1. Of all the residues that make up segment 205-232, how many are among the hydrophobic types (A, V, I, L, M, F, W, C) and modelled with pLDDT under 90?
2. Return yes when Ala111 is open to solvent by less than 70 Å² (accessible area, probe 1.4 Å), in contact with a Leu (Cβ under 9 Å, 6 or more places away or on another chain) and modelled with pLDDT under 80 and no when it is not.
3. Considering only segment 118-141, state which residues are open to solvent by 80 Å² or more (accessible area, probe 1.4 Å) and modelled with pLDDT of 85 or more.
Amino acid sequence: MRSRGFTLVELIATMVILGIISVMTSKFIVNGFSFYVDATNIQKISTTANFVAEKMEKLIENSVPNSIVISKTEKSITFVPIKGALGYTYIPKNPLSAFDNKPVLYAVTTAFDSSNIKKGAYVAFNNYGSNEEYYEVLDVTVNDNDNVTAVKIDASSKKFTPGSERGRLYFVDGQNRYITVKLENSQLLEKSQLVIIEHNGNEATGTKNILARDVSDIRFSKVAGAFNQYGEIEIEYRFPYQNIAYEKSIYQRIGVANAP
């Protein structure tokens, strides 16, 4: 008995069915892979956004009060970084006059690593006003436990404002030492990048580090606080998704003393 072969109609029907199955399978695989790529990209952007927000909070919170300057375009922020701080008390001979020629401020508490509180550094005061003037540290006294007990400074021109004879000293690297965080366009990248520049007043000669590459836009603004003593810096970030037609926007508010 001879076996019966496939007819042409049956072969065509089989090929059509296999083609449909193949198309459906490949579409399922492509969609699954695309979903995986999008999910991975979303996770990457979320991780970057969280890292940037945490870094910005640490940087801005650790700045000399009232030193924050936001650019007119709102794409950059500049401030003076604090290297150390301590509480102090000083009773002047005449509270309405300037400091003694070389006053000694007696430390109350040490808030930061005391290794940055040393001779040759500069300090600013928390006078709830301008901190444009910095005063040189002439000497630092420590006890047997390496705790700072007194700081002698050259501040003959310093004027008291009410309450400033008891407050905080902010130690900085020098009279002109700044950090600028700005959005910068790069010819080599598809997107803008967020950079941190440490400089002495001239960004062009400063040290630049990239904080994040996947940033398409940023906006800094100030939120005034009560009595002009406290306030907040508001930041809006925009992070683009690759191969997706929308961006991730996040908002952040950072509390600062003496907001601009």
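The values are calculated or read from the model by the stated rules, or taken from the named source; none is laboratory data. Since we're looking at a predicted model, the values are computed, not measured. So basically every Cβ, Gly included, is an ideal-geometry build from the backbone, and we count neighbours across all protein chains shown. These area figures cover heavy atoms from the full protein model, side chains too; ligands, DNA and RNA do not enter into them. Shrake-Rupley method; radii C 1.70, N 1.55, O 1.52, S 1.80 Å.
1. Number satisfying all stated conditions: 6.
2. It is true that Ala111 is open to solvent by less than 70 Å² (accessible area, probe 1.4 Å), in contact with a Leu (Cβ under 9 Å, 6 or more places away or on another chain) and modelled with pLDDT under 80.
3. Lys118, Lys119, listed by residue number.
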